[in-house]
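The values are calculated or read from the model by the stated rules, or taken from the named source; none is laboratory data. Keep in mind that what you see is a predicted model, and the values were worked out from it rather than measured. Just the protein is used for accessible areas: all its heavy atoms, side chains included, with ligands, DNA and RNA removed. Shrake-Rupley method; radii C 1.70, N 1.55, O 1.52, S 1.80 Å.
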Amino acid sequence: MKKILRVLSVLGILLTQIGCSREIADDTEFKLYYYNALLSVGEDFISKPSYIGQTPHSFEIYGITHDGQVYYNPKLDGALTEKSHFYVNPETGAFSVNQTKDMKTGIYSVSMKCISDGVEYSYPDLFIVKLNKPKVE
């Protein structure tokens, strides 16, 4: 029994040494992150991006769905403005949801793109906004 335990101990040490690396490498060139939003009708929301890599710019929303159906298509609906329900600041990437009191409840999925270090990155369904019925107080 002692012999088996010794063999298992040696095997465990060897596997630990082989499986572990002292260096942690992240080969991600660029990645964009936003917090998702859970809102009630009537509430507004602003979120600033975080990212890995070079500072992004030229942010643009290129599509929004509501409960799986097309809600916004820039080719059909034109450009979004600060007065739109959804807006992203093209330079800072600050994303906002405004004037929700006349929006339908449900799940909105926002697809966005930006440029970092001369490369355009597209993120389908990057940002999820769940809009609930107004809170009853």
Exercise. Cα centroid distance between the stretch 64-80 and the stretch 112-136, in Å?
Worked result: 13
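Using 23 Å as the Cα-Cα cut-off, could you pick out the over-long pairs in Lys83/Lys130; Lys48/Lys133; Lys48/Lys113? Let's see the in-between values first.
On the way: Lys83/Lys130 20 Å; Lys48/Lys133 25 Å; Lys48/Lys113 14 Å.
Lys48/Lys133, as the Cα separations exceed 23 Å there.
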Exercise. Regarding the stretch 32-137, what is the average projected area of its C-alpha convex hull, in nm²?
Worked result: 6.7
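How much accessible area per residue does the stretch 38-110 have, counting only protein heavy atoms and a probe of 1.4 Å, in square angstrom? Display every interim value, and only then the final one.
Numbers: 4330 Å² over 73 residues.
Value for the stretch 38-110: 59 Å² per residue.
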Exercise. Expressed as a fraction of 2.2 N^0.38 Å, the rule-of-thumb size for a compact globular protein of N residues, what is the C-alpha radius of gyration of the stretch 82-121?
Worked result: 1.42
